[in-house]
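Remarks on the structure that follows.
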Amino acid sequence: MNIKIIKLFLRIGIGIGFLSAVADRLGLWPEEISAWGNWENFLSYTQLINPVIPEMLIPVVGVAVTGLEVIFGICLILGLKTELMAKLSGYLLLIFALTITFSTGIKGALDYSVFAASAGAFALSIMKEKYLEIDVLISKKN
């Protein structure tokens, strides 16, 4: 398979994954297929996997992570600052995988493939050849 197609697949897959998770916590997915279903359930899960964070800060963490996922998701799909957004996505996913692992056990992180998604994001971050990315248009203007 062509490396360009693999890179596009990683960008779209990781980006849509982030946006789907955000849609879930905002109640945009049907209840029967939803992981959280609403913001309150998402914040409860955020507290569960981050027991060292004071409860009053959990909404701040939830908003921050959600904001990052929206930014990373859109940028990856569009191919905007792809290498940087992919690297940051890899770190965010790795932090998520480790918080799940240390708070509830490794099974959840493995079942949700968070380590694999993190590895995919890091792999994407080192793919330098551009393909269907806004970065190409920006570099042509400069």
Among residues of the range 98-125, those that are touching a Gly at 6+ places or on another chain (Cβ under 9 Å) and aliphatic (A, V, I, L, M), counted: 7
Which one of these is farther than 23 Å from Ala23 by Cα and modelled with pLDDT of 95 or more: Ile71, Ile53? Ile53
Starting from the range 58-72, take each residue that is in contact (Cβ under 8 Å) with a residue 12 or more places away in the chain and under 12 Å from Leu92 (Cβ atoms) and list its partners that are surrounded by fewer than 12 Cβ atoms within 10 Å (Cβ to Cβ) and aliphatic (A, V, I, L, M), counting only C-beta distances under 9 angstrom and pairs at least six apart or across chains. none
Residues satisfying the stated conditions in the range 18-50, i.e. closer than 20 Å to Thr104 by Cα, of a type in the set (S, T, N, Q) and part of a helix (DSSP H, G or I): Asn41, Ser44, Thr46, Gln47
Test of understanding: among Leu10, Leu76, Leu80, which residue is touching a helix residue (DSSP H, G or I) at 6+ places or on another chain (Cβ under 9 Å), closer than 30 Å to Asp135 by Cα, in contact (Cβ under 8 Å) with a residue 12 or more places away in the chain and in a loop (DSSP other than H, G, I, E, B)? Leu80
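The values are calculated or read from the model by the stated rules, or taken from the named source; none is laboratory data. All values derive from a computational prediction rather than experimental measurement. Cβ: placed from backbone, ideal geometry, glycine included. Neighbour counts: every protein chain shown.
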